[in-house]
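Chemist: This structure is in structure tokens; I'll ask about it shortly.
The values are calculated or read from the model by the stated rules, or taken from the named source; none is laboratory data. Please read all numbers here as calculations on a predicted model, not as lab measurements. Ideal geometry is used to build each Cβ from the backbone, glycine not excepted, and the neighbour counts take in all protein chains shown. Areas reflect the complete protein model, heavy atoms only, side chains present, ligands, DNA and RNA absent. Shrake-Rupley method; radii C 1.70, N 1.55, O 1.52, S 1.80 Å.
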Amino acid sequence: MTKLKSGVLINEILMNMKKKANASEMFERRINVYSAHDTTIANLWRGFNVIEKLEFPSYGAALMIELHEIDDKYQVKILYKKSHLDDDLIELKIEGCKDNQGKETDAMCDLHIFLSALQPVVIENFDEACEVPNEQI
């Protein structure tokens, strides 16, 4: 269910990051903003496989997925704002984001590792993902 509830949006986010990181794409957009309900934030949290436990999102909660270019390498950081009243941003860690030695990294995750870690939840075609295989009928 996590894949069905978050896979299409995660795919769009990842595709935009790939376009930005690919110099030949000429992808000039600097920000993508999505408005969503609390359930969408919860589904993205699960889809991103965030290590930290989620309290159900309050009014005005926000997830910020940032792509940084540092020393010619692309890194991803996910930040969480608990509510519209909260000024603090919490850096989230993603399950599967490890360094070359297999150790957990800080909140920054190499783009290629991030893409690989999220591949199991990505949905490129929602209609195909919802089809029941013939052998199950």
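Chemist: Would you please name the residue that is farthest from ALA42 (Cα to Cα), looking only at residues in the stretch 68-79 that are hydrophobic (A, V, I, L, M, F, W, C) and in contact with a strand residue (DSSP E or B) (Cβ under 6 Å, 6 or more places away or on another chain)?
Modeler: VAL76
Chemist: Could we say that GLY96 is more than 20 Å from PRO120 (Cα to Cα), open to solvent by less than 70 Å² (accessible area, probe 1.4 Å) and assigned to a loop (DSSP other than H, G, I, E, B) here?
Modeler: no
Chemist: Turning to a different aspect of this structure: Spot the failing condition for SER83; the list is (1) in contact with a Gly (Cβ under 6 Å, 6 or more places away or on another chain); (2) polar (S, T, N, Q); (3) part of a strand (DSSP E or B), and only one is missed.
Modeler: (3)
Chemist: Moving on to the next point. Restricting to the stretch 1-36, what's the tally of residues that are among the hydroxyl-bearing types (Ser, Thr, Tyr), free of Cβ contacts under 8 Å to residues at least 40 places away in the same chain and out of contact with any Ser or Thr (no Cβ under 9 Å at 6 or more places or on another chain)?
Modeler: Residues flagged as among the hydroxyl-bearing types (Ser, Thr, Tyr), free of Cβ contacts under 8 Å to residues at least 40 places away in the same chain and out of contact with any Ser or Thr (no Cβ under 9 Å at 6 or more places or on another chain) within the stretch 1-36 amount to 2.
Chemist: Restricting to the stretch 116-137, name every residue that is farther than 13 Å from LYS3 by Cα, at pLDDT 75 or above and not in a helix (DSSP H, G or I).
Modeler: Passing the criteria: only GLU131.
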